[in-house]
Structure formats: C-alpha cells, structure tokens
C-alpha cells in the first residue's frame, strides 16, 4: 500500500552519495508528545512495534502486546484504534495472537496484522497450534482472511516468524518473513494475489545481493518500488514487485520500520544501534527522514535514551495526512507522537 501523508514543508538538499559514515547530526524540527493516547482505566501500554493510519488519514491503529511483551496468556484485545485526540474507539482480537508484530491498513480500510510468534513459550501439544500467521480483518473486527497455517513451518503454506505485511494498490500482498538470524534462518519476501493465493517468494539468509537477514519492515514508494528494511544487514533493499534488486541504501541505518508518504518522503526508524548493538555502536538510534526519490537524509529525531541495554526508540512508524509522526516503541512500551515545532 502507498502509505500517505502530506510532505514536509521544506526538504533540505543533500548529496546522493554512498554514505558509509554515521548519519547522526541532522536537524530535528519535531517536538515529542508523550502520553497522548489513553488506555482504558486499569490497562497500561505493553511493547509495540506496529502502528498504522486509518484510511481517514487521521485515526491510528496499533497492534499492542497486551500490556507486556507477549499476548500468549492474555485475554486483552491487542488491536486498538485511537482517534486523532488519543481516545480509544475500537478494540478487538483477544485470545488470537502470541506476539503482535506488524500492522497494515489497506486501501479499503481493512486491517492486516502479523503474529510473528518470535517470543513466547512453546504451546503444549494438548492445545491447538497457534501463531506464525497473517490476518485480515474488516474495520469492525470481522476476520476476513488468514495467511499461513497455525503453528508455522516452512514452505508455501506456512510462515516462520513473519514480521510485516503490505498490500499494494492492485491488491497483491507482500509478507516479510524471518525474525531470527543465523544458519538455517528464514529470510524471504512472499507475494500473494488479492485472494491470498501464493504467487512467488524470493530471498535467502545472508548478506549478499538478493539475500536478507531479518527483513523487518516493508513500504512502497510512488513508483511501486518495494522497500525492505533488511535490519541485521543495516540497509534498505529496494526491489521491483517481482523480486529484482534495484538498489541498496545504508544511509538510513539499521531499519526496524519504514513509512513512505505520497510525496515520497521516507521515514526510517532505527531502534537497535548504539548501546543496543555490538556492531553498530557509532550510529545513533532514532528516526531518519529523507527522500525515497534520491536517498538523501534531511532530518533526524534522536532517541532520548543515551545508553539503554535493549531495543529503544521507535520500532514501528506511521505518518498521518497532516504529517504527524507516530512511533511505536518496544523497550520503552510507548506510542509517541511527533509534531512540527
């Protein structure tokens, strides 16, 4: 889906060079607003990596981990819709998920969510299998489609640790799969038609051209190019919709989340560099904002936490029609709002 919001008022020119040095020192024209989204009385925020914008351009959908970092043993609704003032207006999905991870609102307003199941206790054999699936809901919470068989596995009928889902304007569905790294890890992009029929997949585990290591997030630009946050390879990989590699960018750092608006402004979250990473210590965590057209980076919203021990700053990201940014945070367990100063 072409995720939309209004363009930033001014884009500062930047050279399109292969940037290998850390991109840390850029202007931050945004003010951070905390605590604007109000949970029901007695419920607190859990970890969340998934946020999207309703088709109305202003309401916010969140896939939240049930007040903790897993929904495996919870009876709370993890799919939440807030209006632009932070009032909770819709909630559903209790008992269906293990580990909420990705969310997408398609052009018809349907809500797609991804149960990564990457963290959670093994499900006893006495219970039905669960997890490693992608679900499509109507805006009112009616289940319309399920991709992948419960319990997960390998092959065209299964996912193993899916991370994100994206629906193209023509209805084609893309799923980024593979949250673990290491030998034998799944690392691929899977394409389905609008009816959920498998079309093809591409990618394998590794760091070479066409390979992936933890493909964590997906976005489309106005040309229909598919941007993949190849997180553990510290890069964005740009494909056509048939899986041909068009380009690789490193200047947006270690991508956990991507959003591209209708003007091709690209917003990329880095929640794992600095003190969180053993190999990416010279890059700061935060949100880098630039151009999907030429790859320039213009702005940077830094993580206020200096030396956290684990995932920090926004992991998921969404931008509404007015250019307001929403950052979903796993470590701090928060949904922050960023507005122009």
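The values are calculated or read from the model by the stated rules, or taken from the named source; none is laboratory data. What you see is a predicted model; the values in this text were computed from it and never measured. No Cβ is skipped: glycine too gets one built from the backbone with ideal geometry, and neighbour counts run over all protein chains shown.
Confirm whether residue 183 is touching a strand residue (DSSP E or B) at 6+ places or on another chain (Cβ under 8 Å), farther than 22 Å from residue 240 by Cα, modelled with pLDDT under 95 and in a loop (DSSP other than H, G, I, E, B). Taking the combined requirement at face value, the residue satisfies it. Looking at 284, 322, 293, just one residue is in contact with a strand residue (DSSP E or B) (Cβ under 7 Å, 6 or more places away or on another chain), in a loop (DSSP other than H, G, I, E, B) and at pLDDT 95 or above, and that residue is 284.
Residue count for segment 140-161, restricted to those that are surrounded by fewer than 18 Cβ atoms within 10 Å (Cβ to Cβ) and in a loop (DSSP other than H, G, I, E, B): 11. Sub-7 Å Cβ pairs linking a first residue in segment 32-43 that is without any contact (Cβ under 8 Å) to a residue 60 or more places away in the chain to a second residue that is surrounded by fewer than 14 Cβ atoms within 10 Å (Cβ to Cβ) and outside any strand (DSSP E or B), at least 6 apart or interchain, are 38/87, ordered by first then second residue.
Among 251, 298, which is the only one that is touching a strand residue (DSSP E or B) at 6+ places or on another chain (Cβ under 8 Å), surrounded by fewer than 22 Cβ atoms within 10 Å (Cβ to Cβ), in contact (Cβ under 8 Å) with a residue 60 or more places away in the chain and assigned to a strand (DSSP E or B)?
298
Determine, yes or no, whether residue 174 is in contact with a strand residue (DSSP E or B) (Cβ under 8 Å, 6 or more places away or on another chain), in a loop (DSSP other than H, G, I, E, B), under 20 Å from residue 226 (Cβ atoms) and modelled with pLDDT of 95 or more. No. When residues in segment 69-104 are screened for being touching a strand residue (DSSP E or B) at 6+ places or on another chain (Cβ under 9 Å), in a loop (DSSP other than H, G, I, E, B), surrounded by fewer than 17 Cβ atoms within 10 Å (Cβ to Cβ) and in contact (Cβ under 8 Å) with a residue 40 or more places away in the chain, 1 of them pass.
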